[in-house]
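Each remark here refers to the structure printed beneath this line.
The values are calculated or read from the model by the stated rules, or taken from the named source; none is laboratory data. None of the values given here were measured: they were computed from a predicted structure. When we count neighbours, we look across all protein chains shown, and the Cβ atoms used for this are built from the backbone with ideal geometry, even at glycine. To get the accessible areas, we keep the full protein, side chains included, count just its heavy atoms, and leave off ligands, DNA and RNA. Shrake-Rupley method; radii C 1.70, N 1.55, O 1.52, S 1.80 Å.
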Amino acid sequence: MNPYRLELAKKLGADSADALRKQIEDRLREHLAEETQGKVRQELLDRVISGSPFEPPKKLVESFDQRMAMDQKMQMARMGFKPEDLAGFDFSKHNEGGAEKRVREYFVLDALCRKENIEASDDEVDEEVVRMARQQGVRAAELFAHLEQEGGLEQVKLGLRTKKAFDFLVENAEIKVVPRKKQEKKGHDCGHKH
């Protein structure tokens, strides 16, 4: 075995290059499953929203649009962009339609949660904070205190409630799996004789 592969594998927490390969494959499968599940959830939500036509309050949409623009500016600043680099960029125009869609999603999911009595318990919030702490490599008590101080626990609770609403939609939807079409083999036969 290549000693550099073994050294790399050990640095990344695996016993061997094969174990590292398996870890990477497992993570890729998990990521693909999460991505696929996210697409299914968004498609379901889009269908529910299209079946629930209503006009969200303009002031709320404008406020949300401003919030999205502010969040994007802060994210760009964390990435190292300077305010003068972003001066000519119109975040609101870039988000066009995004704020209205998010507000509509919120109202539809909130109505679903109220109708189906979907809530996140304090125990579920605690479990989520522990999971987040492990993921971030910090102590759960410290993260809990920080979230409590910053008002973030309510966001965690809202996020869990939203996830449970999505789970409800997925569980109660009629989803048809359509197999992929077989691709024709591309060979040397281009329709002419050699």
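Where in the chain are the DSSP H helices whose C-alpha atoms run 20 Å or more along the long axis and whose mean Kyte hydropathy is at least -0.5?
152-172
Beyond 30 Å between alpha-carbons counts as too far, so tell me which of Lys73/Lys157; Lys11/Lys73; Lys10/Lys182 fall in that bin.
Lys11/Lys73; Lys10/Lys182, as the Cα separations exceed 30 Å there.
Projected onto the charge dipole of segment 56-142 (+1 at Lys/Arg Cβ, -1 at Asp/Glu Cβ, origin at the Cα centre), which of Ala120, Ala87, Gly137 gives the Cα projection farthest towards the positive end?
Of the options given, the answer is Ala87.
A 23 angstrom limit on the alpha carbon distance is what I want to check against. Which of Lys22/Lys164; Lys39/Lys181; Lys59/Lys82; Lys39/Lys163 exceed it?
Lys22/Lys164; Lys59/Lys82
Quick check for you: with a 1.4 Å probe and neighbouring chains kept, what is the accessible area per residue of the chain, in Å²?
82 Å²
With all protein chains present, how much of the accessible area of segment 1-159 (probe radius 1.4 Å) comes from carbon and sulfur, to the nearest whole percent?
53 percent
Just to be sure I follow: if Rg is taken over the C-alpha atoms of the chain and Rh is the Kirkwood radius over the same atoms, what is Rg/Rh?
Here Rg/Rh amounts to 1.08.
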